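The values are calculated or read from the model by the stated rules, or taken from the named source; none is laboratory data. Quick caveat, the model's predicted, so the values are computed rather than measured. Methodologically, a virtual Cβ is constructed for each residue, glycine included, from the backbone with ideal geometry; neighbour enumeration extends over all protein chains shown. Just so you know, the surface numbers come from the protein's heavy atoms only, side chains and all, with ligands and any DNA or RNA stripped out. Shrake-Rupley method; radii C 1.70, N 1.55, O 1.52, S 1.80 Å.
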Amino acid sequence: MKQLILSYLKRQLANYSLFFLFAGVFAIVFSLYTLPVEPVLYATIICAYIGLIFSLIDFSKYYKRHRQLNDLQKTITLHVDTLPFARDQIEQDYLDLLKRLHDEKVYVVSKADQTQTNLIEYFTLWVHQIKTPIAAMDLLIQSQENEKEHNPELSIELFKIEQYVEMVLQYLRLDHMSSDLLLKKYSLDDLVKQSIRKYAKLFIRKKIRLSLSELNCTVLTDEKWLGFVIEQLLSNAIKYTKEGTISIYMDTKAEQTLVIEDTGIGIELEDLPRVFEKGFTGYNGRSDKKSTGIGLYLCKEIATKLSHKISIQSDVGKGTKVLIDLQLNEIRVE
């Protein structure tokens, strides 16, 4: 309030200065003509009193306009039509300027949205189209499995391409994920085993042991999206584990929490708080030139939208442990 009063006084400073200037001129003229100055002083006091009343009324209007504009800032959307009416030509000029800026903003945002929509539609179409040659290549490789010229590395690399394409598709769908959710109760054992079967070739190729405990857990979630999260975490575990074991089990200290633990290279302590940021690769990502910094970001965003929680614990040189809290914290199913 103090700042508002000072702002109002500063705005009216010219009017107040002009009033006292006129009063001073009258006093000087009366004095030069040896006329009594008391009438001027008396008239000045009466005018000041009347001016104070009008100033209080004007400040009340000033305060109301300030509150109205301040309330408009707190609304979700601000429309130029809701702004107060202009009291004079200068305020009208400012209002016209705001309207022009608002129209320009609407045009720019609309154009950007359309460009973004076209881009998403194109890449979505591209992802679906690229799956056709990938499937054809997979069939060709399978037909050569019993032939001498078959190279097992080709199927592994093709599998990686397919996973990268799937990641692009999930990234494009992320903003509209809510409309694609189908919440049902699923057996966590089935979800995890589906992902393990998908990555079986990589386990065999890198000679990594798998320790899978009976999970005995039923979770309310979306099969496709949670499956993608588990697959991405398995992919990272395999990627950064040169030798050893990847263990999947339920946390005994936390209820309904799935743990995916590896004996890989681990994550630097200073990188742990930022591993879920989009595009952040950290020390390991910089050493591995193929890292994009998108996988864990997608896992975090998807888990949040599913009302699950995900966290990471890691020791450099010892391994990484990812914990997925599968309890529903926000979503209510009626």
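Counting only residues that are within 21 Å of residue 61 (Cβ to Cβ) and out of contact with any Leu (no Cβ under 9 Å at 6 or more places or on another chain), which one in the range 11-31 is least open to solvent (accessible area, probe 1.4 Å)? Residue satisfying both the conditions and the ranking: 12. Restricting the range 212-228 to residues that are outside any strand (DSSP E or B) and touching a strand residue (DSSP E or B) at 6+ places or on another chain (Cβ under 7 Å), the residue that is farthest from residue 196 (Cα to Cα) is 217. Within the range 32-46, being farther than 24 Å from residue 9 by Cβ, open to solvent by less than 100 Å² (accessible area, probe 1.4 Å) and assigned to a helix (DSSP H, G or I) holds for 39, 40.
For first residues located in the range 84-107 and closer than 16 Å to residue 73 by Cα, partners that are part of a helix (DSSP H, G or I) and open to solvent by 70 Å² or more (accessible area, probe 1.4 Å) and lie 6+ apart or on another chain with Cβ distances below 8 Å form the pairs 84/68; 84/69.
Just to be sure, is residue 89 out of contact with any Leu (no Cβ under 6 Å at 6 or more places or on another chain) and either open to solvent by less than 90 Å² (accessible area, probe 1.4 Å) or among the acidic types (Asp, Glu) (or both)? Criteria not met by residue 89. Would you check if there is a residue in the range 237-245 being crowded, with 18+ Cβ neighbours inside 10 Å, among the β-branched types (Val, Ile, Thr) and in contact (Cβ under 8 Å) with a residue 40 or more places away in the chain? For the range 237-245, residues crowded, with 18+ Cβ neighbours inside 10 Å, among the β-branched types (Val, Ile, Thr) and in contact (Cβ under 8 Å) with a residue 40 or more places away in the chain: present.
All told, residue 218 falls short of being more than 12 Å from residue 323 (Cα to Cα), open to solvent by less than 10 Å² (accessible area, probe 1.4 Å) and over 29 Å from the mean Cα position of the chain (by Cα). Of the residues making up the range 181-208, just one is charged (D, E, K, R), out of contact with any Asp or Glu (no Cβ under 9 Å at 6 or more places or on another chain) and outside any helix (DSSP H, G or I), namely 185.
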